[in-house]
Amino acid sequence: MQRPGSNISSNIMSRMSVFENTALTHSFAEAENLSGEAMMSMSSSPPPTPTGVQTDAEGLILPKKLINPCMENTDRKELHRELKFNARIGKSVLNQKSELQRAYDKQKERHAAAEHQHHSPDSEIVGGIPNLKGELGRVILERAQKHEAAAQKHDAEEAEDRQYVNPEYLNVRAKLRAATAHGPN
């Protein structure tokens, strides 16, 4: 085995030499049948590994992947499963559409609804307004007609009042307004 460079501290180097010499020490100890005291020394044998720890051929402990409690959470797993399902069927649950795309979709929905109402047999047109049915439609139509009649009557009265106004009076009044607007000179 190669020795690492000089940038490793002497303490680490001494620990590494203990592990490198372990195999040699075990074979040497068995060959000479040393007493139990020699077997117990710290330099001659490695510390026992805890149970459940995996080691490789050289006796090094293999790293184990840590458990992430967030990833093990059942609520998170269900949410992730639902998001994957919605992504697979093409449903956007996060509403990630642009404003333009949303406006376009809304316009398409309105157009489709208008087409549906236009072609449906139960749609009824009352007074030029679609989908006004029954008693409510009749009352609204009557009130609209009364309002229109009152507006026509008011317009006729104004036209009649203008007929009796003297045009000379209007000219004099306009001159007076112009003179007072400019102020006294």
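The numbers here are math on the coordinates, done by the rules we state, and not lab data. Treat the numbers as computed from the prediction; the structure is a model and nothing was measured. Glycine also receives a Cβ, built like all others from the backbone with ideal geometry; neighbour counts cover every protein chain displayed.
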Open item on the list: If I model a spin label as a point 7 Å beyond the Cα along the Cα-Cβ vector, how far apart are those points for L136 and T74 in nm?
Closed with: 4.8
- [ ] Return R138, R162 ranked ascending by Cβ neighbour count within 10 Å, so the fewest neighbours appear first.
- [x] R162, R138
Open item on the list: Give the lysines reachable from K97 as a straight Cα distance under 30 Å; neighbours fewer than 8 places away on the same chain don't count.
Closed with: K77, K84, K106, K108
Task: Modelled FRET efficiency - R0 45 Å, A150 with L100, Cβ distances, 0.05 increments - done: 0.50
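What is the extension gain from K175 to E157, computed as 0.36 nm multiplied by their sequence separation minus the C-alpha to C-alpha distance, in nm to one decimal?
The span from K175 to E157 would gain 3.8 nm if fully extended.
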Task: Phi-based couplings in Hz for the range 68-78 (Karplus 6.51, -1.76, 1.60; Gly and Pro marked x) - done: 9, x, 5, 6, 7, 5, 5, 4, 5, 4, 5
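Given R₀ = 41 Å, what would the calculated FRET efficiency be for Q117 paired with L83, taking r from the Cβ atoms and rounding to 0.05?
Values: r = 36 Å, r/R0 = 0.89.
That gives a FRET efficiency of 0.65.
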